[in-house]
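S.K.: I have a structure I would like to understand better, so I am pasting it below and will then ask my questions one at a time.
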Amino acid sequence: MIKEKRNRYIEKKIRLRPDENNYIINKMDNAGRKNFNAFALEMLIQGQVTIVDFKTLNDLKIAIDRVGKNINQIAKKVNESGDISKSDIDETKNLLKEIEKVVYQTIQTEYKNYRN
């Protein structure tokens, strides 16, 4: 046997019935995996496939983007007029508190999901 120039050069083959193949394909879909080799390797080595849901982090990004746009509007107003009012400062502080709150809640939610 000639050793190939790759890290994993030992090949293992399995044979499946159609129902077993469909079961595995369903498991891969549920785990969000497209590559059978990567899925099988993770299952065999770790005993489970870790599913990472990025929806919460995407929601956090959207919330931060909204707040950032509001802060940019305030900064533009200050740059155009040369002055800033107390209400603008208070609004900016409130927006930053909102970011802090959303980030904290997201971290807590993700941590709870990770621990379970």
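The values are calculated or read from the model by the stated rules, or taken from the named source; none is laboratory data. Computed from a predicted model, the values in this text were never measured in an experiment. So basically every Cβ, Gly included, is an ideal-geometry build from the backbone, and we count neighbours across all protein chains shown.
S.K.: Output the residues belonging to region 75-96 that are acidic (Asp, Glu) and either closer than 18 Å to Asp65 by Cα or at pLDDT 80 or above (or both).
M.R.: Glu80, Asp90, Glu91
S.K.: Oh, and also: Scan region 68-108 for residues that are under 25 Å from the mean Cα position of the chain (by Cα) and surrounded by fewer than 13 Cβ atoms within 10 Å (Cβ to Cβ) and report the count.
M.R.: Counting residues in region 68-108 that are under 25 Å from the mean Cα position of the chain (by Cα) and surrounded by fewer than 13 Cβ atoms within 10 Å (Cβ to Cβ) gives 9.
S.K.: Hey, Lys34 hits all of (1) within 24 Å of the chain's Cα centre (by Cα); (2) of a type in the set (D, E, K, R); (3) part of a helix (DSSP H, G or I) but one; which does it fall short on?
M.R.: In the conditions (1) within 24 Å of the chain's Cα centre (by Cα); (2) of a type in the set (D, E, K, R); (3) part of a helix (DSSP H, G or I), Lys34 misses (3) alone.
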